[in-house]
Amino acid sequence: MPDPAARVALFRKLALAAGAEIMAVYDSADMGVESKADDSPVTRADRLADDVISAGLRAAFPDIALVTEEQADTHGATADTFLIVDPLDGTKEFIKRRGDFTVNIALVEQGVPVAGIVYAPAKERMFYTDASGASVEELGPFDPDAPGQTRPLHLSTPDADALIVVASKSHRDAATDDYISRYRVADMRSAGSSLKFCLVAAGEADLYPRLGRTMEWDTAAGDAVLRGAGGTVLRFDDHAPLRYGKPGYENPFFIACNPAVTLVAPE
C-alpha cells in the first residue's frame, strides 16, 4: 500500500470519476436497465463506474485482491487484505431518479474495513476516512486533484428516550419495523444505500438496523466511515463486530449504531 494520504487521494479521484459517469447516465433518456441473474437491476451506469474504479485500483494496487459487485469472477477471491467496491449502491433509487445512491470503495485488512469513501453524486455529499483514519465530510465543490475543506464527523449524544433511527427506503419490512418499535424513537429517517451509515457517523442518526440480505460491497465503505467516527457495526444475532472476508461476501443481519445506544437483544 502507498502512504495513507496517497490512498485517500486515489479513492477520491476514482469516486469522483465514477460519479461523473453515473450522473451522465442519470441525466440521459436511457439508463440501460437490465436484470442480473438474481433479478436485481443493473444499469449502464453501474458498469461504467465499475470500469473506472477497477482500472484505477488495479493500476495502483496490482498485488492487492479486488472484489467488486459487478465482476462475478472476483467473488471467489480470498485474501486477508483486499479492496472492495460497489460502484453504484442504490441502483433502485438511481432508476427511480432519487438521489440516494452512492459510490463505495473500501480497504479491508484482517476482516476490518480500515479505510473507505462514500460519495453521493446527486446529493453532492462525500464522506471518507482521512490519512489518520478519522472520518470527515468534504464540502463541495469537489476538485478531483485537490481535496477541499473538510469537517470532522462526530457521533451525536443519543437520548435513550428519543432516538433518531434511519432505515432503508427500498428494503423496509415488517421485521425491521417490529425491531425499531422496541426503542423509544423521536424521529424516523429514510435513506437509501450506504448513506445510512454516514448519517449515523455525522450525528444525524443514532441507529440503523438492517434485517435483510446485504453483501460486503454494500457495507464496507460505509462501515469504515462509521468506525472512523467512533461508531460500530454489529451482527444482529449476537452483537459481535461485523467481520469481512466471509465466504461469498454475504453479510448477516446487522445493526450500525452509536455505541452509546443500549441495544435491544434479538428475540
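Among the trypsin sites (Lys or Arg not before Pro) in segment 66-122, those located in a DSSP loop and surrounded by at most 12 other Cβ atoms within 10 Å of their own Cβ are R97. For segment 159-267, the list of trypsin sites (Lys or Arg not before Pro) that fall in a loop by DSSP and count at most 16 other C-beta atoms within 10 angstrom reads R172, R182, R184, R213, R243. Loop-resident GluC sites (Glu not before Pro) (DSSP state other than H, G, I, E or B) in segment 44-126 with no more than 15 further Cβ atoms inside 10 Å of their Cβ: E124.
Determine the sum of side-chain charges near F61: Lys and Arg each +1, Asp and Glu each -1, restricted to other residues whose C-beta is under 15 angstrom from that of F61. That works out to -1.
With R₀ set to 45 Å, the beta-carbon distance separating A6 from D161 gives a calculated FRET efficiency near 0.50.
Phi angles across segment 248-258 convert, under the Karplus curve 6.51 cos²θ - 1.76 cosθ + 1.60 with θ = phi - 60°, into 3J(HN,Hα) values of x, 6, 9, 8, x, 4, 8, 10, 9, 7, 6 Hz, Gly and Pro given as x. The angle between the Cα long axis of helix 216-228 and the longest principal axis of the Cα atoms of the chain comes to about 70 degrees, rounded to the nearest 10. Close Lys pairs in the chain (alpha-carbon distance under 26 Å; sequence gap of 8 or more, or different chains): 19. Look at the alpha carbon pairs under 8 Å that are at least 6 residues apart: their mean separation over the length of the chain gives a relative contact order of 17 percent. Both the radius of gyration and Dmax for segment 64-144 are 14.0, 38 Å, in that order, over alpha-carbon atoms. Seen against the Cα atoms of the chain and their longest principal axis, helix 4-26 is set at about 90 degrees.
Considering only alpha-carbon pairs that sit under 8 angstrom and 6 or more positions apart, the relative contact order computed for segment 176-230 is 43 percent.
Listed values [x] 17.3, 50; [y] 21.1, 69; [z] 17.9, 55 include one computed from this model; for Rg and Dmax of the Cα atoms in Å that value carries the label [x]. The overall shape of segment 158-223, judged from the alpha-carbon gyration tensor, is oblate: a/c is not under 1.5, and a/b is no greater than b/c. Over segment 4-152, the fraction of Cα-Cα pairs per 10 Å bin, rounded to whole percents and listed from the shortest bin up, is 11, 42, 35, 11, 0. A simple spin-label model places the labels of E267 and A240 2.5 nm from each other, with each point 7 Å out along Cα-to-Cβ.
Every read-out reported here was derived from the displayed coordinates using simple, explicitly stated rules and does not represent laboratory data. Note that this is a predicted model, so its numbers are computed, not measured. So basically every Cβ, Gly included, is an ideal-geometry build from the backbone, and we count neighbours across all protein chains shown.
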